[in-house]
1. Which of (1) of a type in the set (Asp, Glu); (2) touching a Lys or Arg at 6+ places or on another chain (Cβ under 9 Å); (3) over 26 Å from residue 16 (Cβ atoms) is the odd one out, the single condition residue 53 does not satisfy?
2. Give segment 99-132 a look and list any residue that's open to solvent by 30 Å² or more (accessible area, probe 1.4 Å) and either closer than 13 Å to residue 169 by Cβ or in a strand (DSSP E or B) (or both), or say none.
3. Mind counting the residues in segment 144-170 that are closer than 13 Å to residue 118 by Cα, surrounded by 14 or more Cβ atoms within 10 Å (Cβ to Cβ) and touching a residue at least 24 places away in the same chain (Cβ under 8 Å)?
4. Could you check segment 21-30 and list, in sequence order, the residues that are free of Cβ contacts under 8 Å to residues at least 12 places away in the same chain and either basic (Lys, Arg) or not in a loop (DSSP other than H, G, I, E, B) (or both)?
5. For residue 138, are the conditions met, namely being touching a strand residue (DSSP E or B) at 6+ places or on another chain (Cβ under 7 Å) and at pLDDT 95 or above?
6. Check whether at least one residue in segment 5-19 is within 16 Å of the chain's Cα centre (by Cα), more than 28 Å from residue 166 (Cβ to Cβ) and in a strand (DSSP E or B), and report yes or no.
7. Scan segment 31-57 for residues that are under 15 Å from the mean Cα position of the chain (by Cα), in a strand (DSSP E or B) and surrounded by fewer than 22 Cβ atoms within 10 Å (Cβ to Cβ) and report the count.
8. Filter segment 139-160 for residues that are farther than 13 Å from residue 171 by Cβ and either of a type in the set (Asp, Glu) or within 16 Å of the chain's Cα centre (by Cα) (or both) and give the result.
Amino acid sequence: MRIRPRRPGDVPELAAVLTRDHEVTGYPYHLPDDPAGWIEEPDRLAAFVAADDSDRPAGHVSVGAAATTDHGAGTVLQDAWSKAHGRPVAACAVVGRLFVAADRQGDGAGAALLGTAVGWMRDHDLAPCLDVLPIGPAASVVGWYEARGWEVVGEASPVWRRPGWPPLLALILPS
């Protein structure tokens, strides 16, 4: 696998991967009606894919502005990220849309995508942030991030959170 910038032609293949593997991976928790539009997210700053030997995308990650990220939680996530980094929210960026095809998980593509996104943030003097809803298959992903140095710095209760669900977690990667 090699990591490269996402190209417009990658999006249909990535949408197919997301749709095909949703039941196995549980990501995203709610599969959007328009997976391609969800992947493209218009306000992203950067996006990368993990491509196989045939240059077919098998994984994805994007970088978004923290100042425009609320996920139905208002400014709770932004405030937690900003406070934990000691920087204004405009100096923070968010890892998003990170997924790898189910049949390619465990080969390091996810870590490589995450590392590329973080490297892009650091190159642009942006503090790395992300959020996770630890439910279903994604419940174990918090430990995966923590093993890579990420720290939970806050919790949010988005408007779409159902009774009994855990809070949405805000994480940062310290300098």
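1. The single condition residue 53 does not satisfy is (3).
2. Answer for segment 99-132, where residues must be open to solvent by 30 Å² or more (accessible area, probe 1.4 Å) and either closer than 13 Å to residue 169 by Cβ or in a strand (DSSP E or B) (or both): just 131.
3. 1
4. 22, 23 - these are the residues of segment 21-30 that are free of Cβ contacts under 8 Å to residues at least 12 places away in the same chain and either basic (Lys, Arg) or not in a loop (DSSP other than H, G, I, E, B) (or both).
5. Working: touching a strand residue (DSSP E or B) at 6+ places or on another chain (Cβ under 7 Å): yes; at pLDDT 95 or above: no.
So residue 138 fails the test.
6. Among the residues of segment 5-19, at least one is within 16 Å of the chain's Cα centre (by Cα), more than 28 Å from residue 166 (Cβ to Cβ) and in a strand (DSSP E or B), which makes the answer yes.
7. Number of matching residues: 3.
8. Once the filter is applied, which keeps residues that are farther than 13 Å from residue 171 by Cβ and either of a type in the set (Asp, Glu) or within 16 Å of the chain's Cα centre (by Cα) (or both), segment 139-160 yields 139, 140.
The values are calculated or read from the model by the stated rules, or taken from the named source; none is laboratory data. Since the model is a prediction, treat every value here as computed from it, not as a measurement. Virtual Cβ from ideal backbone geometry, glycine too; neighbours counted across all protein chains shown. Surface accessibility is based on the protein's heavy atoms, side chains included, excluding ligands, DNA and RNA. Shrake-Rupley method; radii C 1.70, N 1.55, O 1.52, S 1.80 Å.
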